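Readers should treat all values here as calculations from the given coordinates under stated rules, not as data from a laboratory. These numbers were taken from a predicted model, which means no experiment stands behind them. Note that we place each Cβ from the backbone using ideal geometry, even for glycine, and neighbour counts take in every protein chain shown.
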Amino acid sequence: MSTPKIFESEYRFCLIMWDTEPIKCAEIAKICKEKLTWSRTTTYTVIKRLSERGVLKVENSYVTSLISKEEAQKSELDELMEKKFENSLPAFIAAFSKGRTLNAEEADALKTLIENAEEK
């Protein structure tokens, strides 16, 4: 099963939800008003859309996620890799690191990731 698409404004909502869930709809609406300057109806509309797409569920006025932050991030990166880098990890890393200098710790972390990812 693929992860449903979460658009940018919905993702900002999800960041709040992941940090506070389970949370009552009314409570998250208050937080979204404060942090995102959304009206209550905007928050409820986003909750409804995400619920319909299977990103979250509402039960007894409580909102909980059906998809983790990590799953959403991975899905977004997979889509980016496919659309912009033709599924080439080296092309992605080259674009990402272009113009950046890695410190020794970052370089070691990347080397470790590569070593661990190599087929044995």
So, how do all the Cα-to-Cα distances of segment 8-69 break down into 10 Å bins, in percent, from 0 on up?
25, 66, 9
Expected unfolding gain across ARG40-TYR62 under the 0.36 nm per residue rule, minus the alpha-carbon gap, is 6.4 nm
Between TRP38 and residues 5 or more places away or on another chain, the pairs with built amide H atoms under 5 Å apart involve LYS33
Between 0 and 90 degrees, rounded to the nearest ten: what's the tilt of helix 25-36 against the longest Cα principal axis of the chain?
60
Amide hydrogen neighbours beyond the local backbone of LEU66, cut-off 5 Å, H modeled
LEU56, LYS57
Per-residue [θ]222 nm for the chain (sum of -39500 (n - 2.57) over DSSP H runs n ≥ 4, rounded to 500)
-20500 deg cm²/dmol
Taking the Cβ-Cβ separation of ARG53 and ALA95 as r and a Förster radius of 35 Å, what is the calculated FRET efficiency to the nearest 0.05?
0.75
Expressed as a whole-number percentage, the relative contact order of the chain with C-alpha contacts under 8 angstrom and at least six residues apart is 23
Spin-label point model (7 Å from Cα, Cβ direction): what's the SER2 to ALA109 distance in nm?
3.0
